[in-house]
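The values are calculated or read from the model by the stated rules, or taken from the named source; none is laboratory data. All values derive from a computational prediction rather than experimental measurement. Every residue, glycine as well, gets a Cβ built from its backbone with ideal geometry; the counts of neighbours run over all protein chains shown.
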Amino acid sequence: MTQKKLTFEQALEKLEQIVSRLESGEISLDKSIDAFEEGQQLVQFCLKKLNEAEKKVKKLTRDSEGNFNLSEF
């Protein structure tokens, strides 16, 4: 599976589809294992994207003199 062109939202949607297929119980054991492995890859992809986004989040605060400061959240 190529994840390099996948957005976070697309990966999450695909993960939700996999979970639905697995929960339905309508796919074979072999296909369930393949789907589970793909789901694991998607989870890792989503976690990586979330961690990258978290690193970019900054907190804007105001000190006692009214000046704004930008710091890590």
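Going through segment 20-32 one residue at a time, which ones are assigned to a helix (DSSP H, G or I) and either closer than 24 Å to T7 by Cα or of a type outside the set (A, V, I, L, M) (or both)?
S20, R21, L22, E23, S24, D30, K31, S32
Here is a list of conditions, (1) modelled with pLDDT under 90; (2) loosely packed, with under 10 Cβ neighbours inside 10 Å; (3) out of contact with any Phe, Trp or Tyr (no Cβ under 6 Å at 6 or more places or on another chain), and L29 meets all of them except one; can you say which number that is?
Going through (1) modelled with pLDDT under 90; (2) loosely packed, with under 10 Cβ neighbours inside 10 Å; (3) out of contact with any Phe, Trp or Tyr (no Cβ under 6 Å at 6 or more places or on another chain) one by one, L29 breaks only (1).
Part of a helix (DSSP H, G or I), surrounded by 10 or more Cβ atoms within 10 Å (Cβ to Cβ), over 16 Å from the mean Cα position of the chain (by Cα) and of a type in the set (G, A, S): does that describe A11?
no
Among the listed residues E72, E23, E65, E16, identify the single one that is surrounded by 10 or more Cβ atoms within 10 Å (Cβ to Cβ), charged (D, E, K, R) and out of contact with any Ser or Thr (no Cβ under 9 Å at 6 or more places or on another chain).
Criteria check complete, one pass: E16.
When only residues in segment 38-59 that are part of a helix (DSSP H, G or I) and charged (D, E, K, R) count, which is surrounded by the most Cβ atoms within 10 Å (Cβ to Cβ)?
Filtering first and then ranking leaves K49.
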